[in-house]
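The structure appears below as structure tokens.
The values are calculated or read from the model by the stated rules, or taken from the named source; none is laboratory data. Nothing here was measured: the structure is a model prediction, and the numbers come from that model. Glycine also receives a Cβ, built like all others from the backbone with ideal geometry; neighbour counts cover every protein chain displayed.
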Amino acid sequence: MAVIEPMMKRGKATFTWKDLRSTAQPSIADAVGASQDATELEIPLKFIIPHFMAASKPASEQKQVDVDTSIPDVFSKEDIEAKTQAAAPAPPKEEASPAPTAPEPAPSPSAAPSATAPNEIVERLSQIPGVTGALITMGDGLSMAKKLPAGVDSDALAGFVPGLYNRTAQ
Amino acid sequence: METDTYFVTVRKAGKCFIAVLGTPGTALPESDLAAVAADAEAKIQ
């Protein structure tokens, strides 16, 4: 193989008569053509290539990977349809049982106040006697809701409030 | 130049802060403020 491979790359296979004689099967006597030992003989590639290819087979077979059968084939249309049909009956079951879904409305009202709650609280605070304004801020000083008297810089106050609380709460 | 003066009361409600402005000399009903602050803490997360 080591001898033939460079010849294959070159596209021409040549051997000296001495090499051919020494490797021939059945063996040829050394005396036969000894005077032509240095003569180069070209062997047609069409005789060599089949043997070369057979000898240069990959040593190891391709590895087989075990694929989990539960993983759907995303490229198979039939597989996707089967999955969607299997998944489709599930939602109607949930809809068919309205009794357990009764508590569900609870989250939606709680979600709505999260947007309006700060404004509602500011409104309630401003109705308390003696209160002239109210402001709700995030910890970073961004105002969420405000109802302040004219002339009060709400952004400045909002930025000031967290620091004021942290200093006075100690 | 005229300036308005307010006093500020700050409370913490969850991750938020509530600032209430009052006029000097006017007492704020602490119980009312506390009730609203408690409500705010429950509603604002």
Exercise. Could you grab the pairs with beta carbons closer than 6 Å, sequence gap of 6+ or different chains, first residue in region A:24-51 and in a helix (DSSP H, G or I), second one not polar (S, T, N, Q)?
Key: A:Gln36/A:Trp17; A:Ile48/A:Ala13
Quiz item: Can you tell me which residues in region A:154-164 are under 46 Å from the mean Cα position of the chain (by Cα) and either within 7 Å of another protein chain (Cβ to nearest Cβ) or under 17 Å from B:Ala40 (Cβ atoms) (or both)?
Solution: A:Ala158, A:Val161, A:Pro162
Self-check item: Whichever residue in region A:121-153 is in contact with a Lys or Arg (Cβ under 8 Å, 6 or more places away or on another chain) and more than 7 Å from chain B (Cβ to nearest Cβ) and, among such residues, is surrounded by the most Cβ atoms within 10 Å (Cβ to Cβ)
Solution: A:Val122
Exercise. Could you run through region A:141-170 and say how many residues are of a type in the set (D, E, K, R) and within 18 Å of B:Ile44 (Cβ to Cβ)?
Key: 2
Quiz item: Yes or no: A:Ser97 modelled with pLDDT under 65 and more than 8 Å from every other protein chain (Cβ to nearest Cβ)?
Solution: yes
Quiz item: Looking at (1) in contact with a helix residue (DSSP H, G or I) (Cβ under 9 Å, 6 or more places away or on another chain); (2) in contact (Cβ under 8 Å) with a residue 12 or more places away in the chain, which is the only condition B:Lys15 fails?
Solution: (1)
Quiz item: Do we have any residue at all in region B:9-19 that's at the interface with chain A (Cβ under 7 Å from one of its Cβ atoms), assigned to a loop (DSSP other than H, G, I, E, B) and of a type outside the set (A, V, I, L, M)?
Solution: yes
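Yes/no per residue for (1) touching a strand residue (DSSP E or B) at 6+ places or on another chain (Cβ under 7 Å); (2) under 26 Å from B:Ala35 (Cβ atoms); (3) modelled with pLDDT of 75 or more:
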{"site": "A:Glu104", "(1), (2), (3)": "no, no, no"}
{"site": "A:Ala112", "(1), (2), (3)": "no, yes, no"}
{"site": "A:Val122", "(1), (2), (3)": "yes, yes, yes"}
{"site": "A:Thr132", "(1), (2), (3)": "yes, yes, yes"}
{"site": "A:Thr137", "(1), (2), (3)": "yes, yes, yes"}
{"site": "A:Met144", "(1), (2), (3)": "yes, yes, yes"}
{"site": "A:Pro149", "(1), (2), (3)": "yes, yes, yes"}
{"site": "A:Val152", "(1), (2), (3)": "yes, yes, yes"}
Quiz item: Residues of region A:131-142 being in a loop (DSSP other than H, G, I, E, B) and either out of contact with any Pro (no Cβ under 9 Å at 6 or more places or on another chain) or farther than 16 Å from B:Val10 by Cβ (or both), which ones?
Solution: A:Leu142
Practice problem: Return the total of residues in region B:20-44 being assigned to a loop (DSSP other than H, G, I, E, B) and facing chain A (nearest Cβ under 7 Å). | Solution: 6
Quiz item: Restricting attention to region B:23-45, does a residue exist that is buried (at least 17 other Cβ atoms within 10 Å of the Cβ) and touching an Asp or Glu at 6+ places or on another chain (Cβ under 7 Å)?
Solution: no
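Listed here are the residues, each with its yes/no results for (1) on the phi > 0 side of the Ramachandran plot; (2) modelled with pLDDT of 65 or more; (3) out of contact with any Gly (no Cβ under 7 Å at 6 or more places or on another chain).
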site	(1), (2), (3)
A:Gln25	no, yes, yes
A:Gly33	yes, yes, yes
A:Phe47	no, yes, yes
A:Phe52	no, yes, yes
A:Asp66	no, yes, yes
A:Ala86	no, yes, yes
A:Thr101	no, no, yes
